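What follows is a short report on a single structure.
The values are calculated or read from the model by the stated rules, or taken from the named source; none is laboratory data. Remember, it's a predicted structure, so these values are computed and weren't measured experimentally. A quick note on method: Cβ atoms are made from the backbone with ideal geometry, for glycine too, and the neighbour counts reach across all protein chains shown. Note: accessible area is taken over every heavy atom of the protein model, side chains too, but ligands, DNA and RNA are not part of it. Shrake-Rupley method; radii C 1.70, N 1.55, O 1.52, S 1.80 Å.
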Amino acid sequence: MFLFSEKIFLRALEPSDLELLYQWENDPEIWKISQTLTPYSKYTLKQFIDIAQEDIFAAKQVRFMINLLHTKQTVGILDVFDIDFINSRAGIGILIDKNYRNQEIGAEAVSLALTYLFNTLHLHQIYCNVLNNNPVSLKLFEKCGFSIVGTKKDWIKTETGFEDVVLLQQINHSVS
């Protein structure tokens, strides 16, 4: 366990995570953020877990489960996606269970992931997309050193119209 802080640790996805993934991935409240249109079956999620064991260079993504250090309780997911080793960049996204929000868990998880991405994978930049009307996520990523670099106008279609998405980046200046 090399990705840990005072409160949490990040770990690989395990088959035992199926029920929790099923619950989170099928929560309509997060579908707008994840761009999900239909529920996921347990079969599909089991296949995802199996694929998650692939080499990061082949899969070009990695999912970390966020666990509390002392109780081992799984409280969230952190995804690194679109890993582009040629251009030395990747996207990042995070979900913290409703019962564990506003406890600095998200900031610790993002910070741990950045350490891994910058120091182990030697990536040059990490980006994220946050809905304009999600001030909690915007604050989280800015607290973790991300800067707003632009706005994607009318990027996400919702029941009430279109919403803007804010693009944030963090550059690792020690990697050239």
Worksheet, complete the sentence: Selection over the stretch 135-176 where residues are of a type in the set (S, T, N, Q) and at pLDDT below 90 yields a count of 4
Worksheet item: In the stretch 78-99, which residue that is open to solvent by less than 10 Å² (accessible area, probe 1.4 Å) and of a type in the set (A, V, I, L, M, F, W, C) is farthest from VAL136 (Cα to Cα)?
Response: ILE83
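Each row is one residue, and each column tells you yes or no for (1) closer than 21 Å to ASP84 by Cα; (2) out of contact with any Cys (no Cβ under 9 Å at 6 or more places or on another chain); (3) open to solvent by 40 Å² or more (accessible area, probe 1.4 Å).
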residue: ARG101; (1), (2), (3): no, yes, yes
residue: VAL110; (1), (2), (3): yes, no, no
residue: LEU114; (1), (2), (3): yes, no, no
residue: LEU117; (1), (2), (3): yes, yes, no
residue: THR120; (1), (2), (3): yes, yes, yes
residue: HIS124; (1), (2), (3): yes, yes, yes
residue: LEU131; (1), (2), (3): no, yes, no
residue: VAL136; (1), (2), (3): no, yes, yes
residue: LEU140; (1), (2), (3): no, yes, no
Item to complete: Kindly indicate whether any position in the stretch 1-23 is open to solvent by less than 30 Å² (accessible area, probe 1.4 Å), touching a Pro at 6+ places or on another chain (Cβ under 8 Å) and modelled with pLDDT under 85.
Response: no
Discussion item. Can you list the strands (runs of 3 or more DSSP E) lying wholly within the stretch 58-176 that have 2 or more residues being under 24 Å from LYS7 (Cα atoms)?
Written reply: 62-68, 74-84, 89-96, 125-131
